[in-house]
1. Tally up the residues in region 269-302 that are β-branched (Val, Ile, Thr) and closer than 23 Å to Thr254 by Cα, please.
2. For the subset of region 101-116 comprising residues that are among the hydroxyl-bearing types (Ser, Thr, Tyr) and over 17 Å from Leu169 (Cβ atoms), which member is surrounded by the fewest Cβ atoms within 10 Å (Cβ to Cβ)?
3. Can you pull out the residues in region 303-337 that are closer than 27 Å to Pro82 by Cα and either in contact with a His (Cβ under 8 Å, 6 or more places away or on another chain) or of a type outside the set (A, V, I, L, M, F, W, C) (or both)?
4. Search region 48-73 for residues being more than 22 Å from Phe258 (Cβ to Cβ) and touching a residue at least 12 places away in the same chain (Cβ under 8 Å), and hand back the single one that is surrounded by the most Cβ atoms within 10 Å (Cβ to Cβ).
5. Name the one entry in Gly300, Gly266 that is surrounded by 18 or more Cβ atoms within 10 Å (Cβ to Cβ) and at pLDDT below 95.
6. Taking the criterion of being within 20 Å of Tyr277 (Cβ to Cβ) and under 20 Å from the mean Cα position of the chain (by Cα), would at least one residue in region 39-61 satisfy it?
7. Of all residues being in contact with a His (Cβ under 8 Å, 6 or more places away or on another chain) and buried (at least 21 other Cβ atoms within 10 Å of the Cβ) in region 142-157, which is modelled with the lowest pLDDT? Just the residue, please.
Amino acid sequence: MTQHAPVVLDIAGTTLNADDRRRLQHPLTGGLILFARNWVDRGQLVELTNEIKSVRPDVLICVDHEGGRVQRFRTDGFTHLPPMRALGELWHHDGSAGAGTGALTATDAATAAGYVLGAELRACGVDLAFTPVLDLDHGASGVIGDRAFHRDARVTTVLAKSLMHGLLLSGMANCGKHYPGHGFVKADSHTDVPVDKRALKAILSDDARPYEWLSTSLASVMPAHVIYPKVDNRPAGFSARWLKDILRLQLGFTGAVFSDDLSMEGARRIDGTVVPYAHAATVALNAGCDLVLLCNQSLGDGRAVDELLDGLEAGLAHGSWAADPDSEARRVALLPQSAPLTWDTLMHHPAYQRALERLP
């Protein structure tokens, strides 16, 4: 175990090249995120994850795999999971069984979705999916849309907790996103810098409520690249006010905090200035992030990834940021603590078969 390995990077292809291996061996590398371009079929994915672990046994292999339109692996046996809105809609379908039965059916379906999601990924060597989405569906955000469970924070919380229960049954941790809420703004932080002009009280009483109600259940959180100017002029992922004062102290969160992708437009400008990735990562770590993501920069010569690693290493030596053993412990705690079922065993496992039946 290193003192603090905060960088989550990616790879360009379906196998590791020499640069990938070198970057994985860097002491500041703590995670790797996979994308659809890293996928051919299950056999290839298992070989890739095994290869990654042979280079760096303690690295956290992650993926954005929520269901609906955000699901990186969709073929060769992977279940097509529904968007989370389908679970929210199921909540209201009582039918003739009586009031509240739709909600109970929806919670069971959410647990089934979490179990299928986690078990299939773990059977292929993936450690963590960045799910559940805790954003509320205000109807304005195209980038969130049907990724959200519901408009009501109470329904969202119960369904998210049910999905997290399913993940837990599969041996996988969870990551709530995008704190304190991305659903109210129209702009997409991948391509713009969204601004939410609501007051702190309004946000905490609505969009951020799931983080309060799940404070003992969430293993990790990913902040939004959204600016809430009535709280802080920096996006939440770069704000000590949001991460240390509100998330940690006020809401009582004790798990790991990931930055969202530093290459997104919402992360490229800090205090109105376009900054290098190493600078953005340093600001995020000092604000309270335990881990920082840089995605899609391994393509081509991968220079941006090397500049991030080298820049953070130099910053650590010069005191621009400090390695935090507590952050490293939170990262390691996200690694699965049990052996996964193999794919063939999973396909015949009664709990998995029942979970498939319960999906909407």
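The values are calculated or read from the model by the stated rules, or taken from the named source; none is laboratory data. Note that the structure is predicted; figures quoted are calculated from it, not measured. With ideal geometry, Cβ positions are generated from the backbone for all residues, glycine too; neighbour counts draw on all protein chains shown.
1. Final tally of qualifying residues: 3.
2. Thr101
3. From region 303-337, those closer than 27 Å to Pro82 by Cα are 334-336; that's our starting set.
Pro336, the sole residue that qualifies.
4. By that ranking, first place goes to Glu51.
5. Gly266
6. Here is the first cut: in region 39-61, the residues within 20 Å of Tyr277 (Cβ to Cβ) are 59-60.
This time we only want the ones that are under 20 Å from the mean Cα position of the chain (by Cα), so: 59-60.
Taking every residue of region 39-61 in turn, at least one turns out to be within 20 Å of Tyr277 (Cβ to Cβ) and under 20 Å from the mean Cα position of the chain (by Cα).
7. Taking region 142-157 first, the residues in contact with a His (Cβ under 8 Å, 6 or more places away or on another chain) are 143-144, 151, 156.
Next, only the ones that are buried (at least 21 other Cβ atoms within 10 Å of the Cβ) stay: 144, 156.
Details: Ile144: 93, Thr156: 98.
By that ranking, first place goes to Ile144.
Residue-by-condition table, conditions (1) surrounded by 21 or more Cβ atoms within 10 Å (Cβ to Cβ); (2) more than 23 Å from Val274 (Cβ to Cβ); (3) at pLDDT 95 or above:
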site	(1), (2), (3)
Leu159	yes, yes, yes
Ser162	yes, yes, yes
Gly166	yes, yes, yes
Leu169	no, yes, yes
Gly176	yes, yes, yes
Asp192	no, no, no
Val195	no, no, no
Tyr211	yes, yes, yes
